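As structure tokens, the structure follows; a few thoughts come after it.
The values are calculated or read from the model by the stated rules, or taken from the named source; none is laboratory data. It should be emphasised that the depicted structure is a prediction, and the values quoted were computed from it without experimental measurement. All Cβ positions, even for glycine, are placed from backbone atoms using ideal geometry, and neighbour counts span all protein chains on display. Surface accessibility is based on the protein's heavy atoms, side chains included, excluding ligands, DNA and RNA. Shrake-Rupley method; radii C 1.70, N 1.55, O 1.52, S 1.80 Å.
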Amino acid sequence: GGLVLSSDDGEVLFVRRILPLLQTKCLACHVENGVMEGELALDSHESLLRGGSSGEPLIVWGKPEQSPLFLAVLRESEVWSAMPPKDAEKLSPQQMNWIKQWIEAN
């Protein structure tokens, strides 16, 4: 179930929820002109689609279960490292759901 969001809703979700979440949880290590762990920057739409050293985009639009970003924050993937790496900083179920809805909406 869940809500079916349009791409406009996806944009609003990105600005209000996803971007602040990335800034809080991810950008300390994943920023274009900074540390950029795994050659992966998360500070622009382009960098999310470009991906990092794996060569795969972080997002498969419409398919959160195939999107490395979502799989990493779920912390259950054998392929993608759990993110953020520290257990104490892991995303809440609500935050994970925001990412899932955003990917589904685009």
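Given the residues Leu49, Leu58, Leu3, Leu69, which is the only one that is modelled with pLDDT under 85 and within 11 Å of the chain's Cα centre (by Cα)? Write out each step before concluding.
On the way: Leu58 fails: modelled with pLDDT under 85; Leu3 fails: within 11 Å of the chain's Cα centre (by Cα); Leu69 fails: modelled with pLDDT under 85.
Exactly one residue qualifies, and that residue is Leu49.
Within region 72-81, none of the residues are open to solvent by 20 Å² or more (accessible area, probe 1.4 Å), modelled with pLDDT of 90 or more, of a type in the set (S, T, N, Q) and outside any loop (DSSP other than H, G, I, E, B). Quick check on my filter: what residues within region 33-43 are in a loop (DSSP other than H, G, I, E, B), modelled with pLDDT of 80 or more and either surrounded by fewer than 18 Cβ atoms within 10 Å (Cβ to Cβ) or among the small types (Gly, Ala, Ser) (or both)? Ala41, the sole residue that qualifies. Every condition in (1) under 24 Å from Val12 (Cα atoms); (2) without any contact (Cβ under 8 Å) to a residue 40 or more places away in the chain; (3) in contact with a Pro (Cβ under 7 Å, 6 or more places away or on another chain) holds for Glu56 except the one numbered (1). The residues on offer are Lys25, Lys90, and the sole one that is touching a residue at least 60 places away in the same chain (Cβ under 8 Å) and either touching a Pro at 6+ places or on another chain (Cβ under 7 Å) or among the hydrophobic types (A, V, I, L, M, F, W, C) (or both) is Lys25.
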